[in-house]
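Presented below is the structure to which this report refers.
The values are calculated or read from the model by the stated rules, or taken from the named source; none is laboratory data. If you're wondering where the values come from, they're calculated on a predicted model, not measured in any experiment. Heads up, the Cβs are rebuilt from the backbone with ideal geometry, glycines too, and the neighbour counts pull from every protein chain shown.
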Amino acid sequence: MVTYLDAAATTRVDQRVAEVVLHWMTEEFGNAGSRTHEYGAHAKRAVQQARTYLASTVGAKPDEIIFTSGATESNNIALLGLAPHGEQSDRRHIITSAIEHKAVIEPLEHLESRGFEVDFLTPGPSGRVEVKAVQERLRPDTLAVSLMHVNNETGVVQPVAELAHLLSKSPTYLHVDAAQGFAKRQDDLTAPIDMISISGHKVGAPKGIGALVVRRRGWDKIPLQPLMYGGGQERKLRPGTLPVPLIMGLAKATEIFLNEHEQWAKQALLFRERLLTALSSTRHHINGDSEHTVPHILNVSFEDVDAEALIVRLKNLAAVATGSACTSASYTPSHVLTAMGLEADTASNGLRFSWFPGDIDDFDPEQIAQVVRELQPATT
């Protein structure tokens, strides 16, 4: 059986979550927008309970949670939805990093075509953007800073909490793509971050459900404009019938993950240590700051080993990836590793191992090391 080591791309839906989703699909299947009968009223109450719970996990208010299809949509609503305010107020400067997910980079490239100026900061070999670097780029016309919580390729944690406290005293809004960090580094997300993008399928929920946290600043709302129209659901920012089963699945998955987080982190770290011990017999380079990282993602480049060739050799043993699932079909060097200033061979051969306890309990990482040793030419 192939061991699944690509949890940063997606996770298995927890069986307990699947049961909740199925229940709301087949038994209590009402439309939360139907106000004339108990089916709809019950669905509406359930959604409100889920909204209240999810808000509490990041220190937000229930009406500050907008359900979306996932972090990509949330990123687009946050960044493109803020653009009209930037145009009206003549604040067209945005700061981000060159290691963001394409779900942030591409909307910002679109805004560049509309006359916005975007600063793409490079983090250096650590893969961690410094708060000082952001501070140095702030200007009176800076509309927003968009910085990811946890990098999806290296697992490096960015200083979003510190940045949130800094920017809360300024007119510049902070958006954080927390697809990889939600529930895993939850304390960071209770900081006064203006907008947080959440994805369910990274924590055992189904694909197709996520949220955007849109916090008020005192009494002031973030001046977002909708990207779609037709129904007025979700504070008129995201129209469409609410997917009650998926929303309930997201809430259940989050509850399970947070309740079991301590054990999850312990098991994830244990496997990381076992993997690193096994790889110590190979010639390799760990990409990213090991001091500021989540325990379940490791990016490694192996000397004199082509990453694609290694994936082929591992295909009957372990499911791994070269980077983001959104760009893994492309064999170009990782834009993340390239932006970190790594040498071309290292950047083009980064291999991401990411795991979820339960999927790796019986797997011996020495099997990976053995394949690497077979591919690496002997040193003289």
Just the residues that are within 21 Å of Leu212 (Cβ to Cβ) and polar (S, T, N, Q), please, taken from segment 1-53.
Thr10, Thr11, Gln48, Gln49, Thr52
Tally of residues being of a type outside the set (D, E, K, R), surrounded by fewer than 23 Cβ atoms within 10 Å (Cβ to Cβ) and within 24 Å of Gln88 (Cβ to Cβ) across segment 193-229:
9
Being among the small types (Gly, Ala, Ser) and either modelled with pLDDT under 90 or part of a helix (DSSP H, G or I) (or both) is the filter here, so list the residues in segment 302-320 that pass it.
Ala307, Ala309
Within segment 6-32, residues of a type in the set (D, E, K, R), surrounded by fewer than 17 Cβ atoms within 10 Å (Cβ to Cβ) and in contact with a Phe, Trp or Tyr (Cβ under 9 Å, 6 or more places away or on another chain) come out as Arg12, Glu28
With criteria (1) of a type in the set (Gly, Ala, Ser); (2) loosely packed, with under 15 Cβ neighbours inside 10 Å; (3) not assigned by TED's automatic domain parsing to the domain that holds Pro206, Gly115 comes up short on (3)
When you scan segment 91-103, do you find a residue that is at pLDDT 95 or above, over 26 Å from Gly181 (Cα atoms) and in a loop (DSSP other than H, G, I, E, B), even just one?
yes
In segment 214-230, anything out of contact with any Lys or Arg (no Cβ under 9 Å at 6 or more places or on another chain) and closer than 23 Å to Gly40 by Cα is listed as Gly230
With the structure loaded, tell me whether Thr36 is outside any loop (DSSP other than H, G, I, E, B) and at negative phi or whether it fails that test.
no
Filter pass, Gln186 being under 27 Å from Ile247 (Cα atoms) and crowded, with 24+ Cβ neighbours inside 10 Å
no
Subset tally (residues that are part of a loop (DSSP other than H, G, I, E, B), of a type in the set (D, E, K, R) and over 22 Å from the mean Cα position of the chain (by Cα)) for segment 134-161
2
What are the residues in segment 58-80 that are surrounded by fewer than 19 Cβ atoms within 10 Å (Cβ to Cβ) and either over 21 Å from Pro223 (Cβ atoms) or aromatic (Phe, Trp, Tyr) (or both), if any?
Gly59, Ser69
Identify all residues within segment 228-265 that are touching a residue at least 60 places away in the same chain (Cβ under 8 Å) and of a type in the set (D, E, K, R); write none if there are none.
Glu234, Arg235, Arg238, Lys252, Glu255
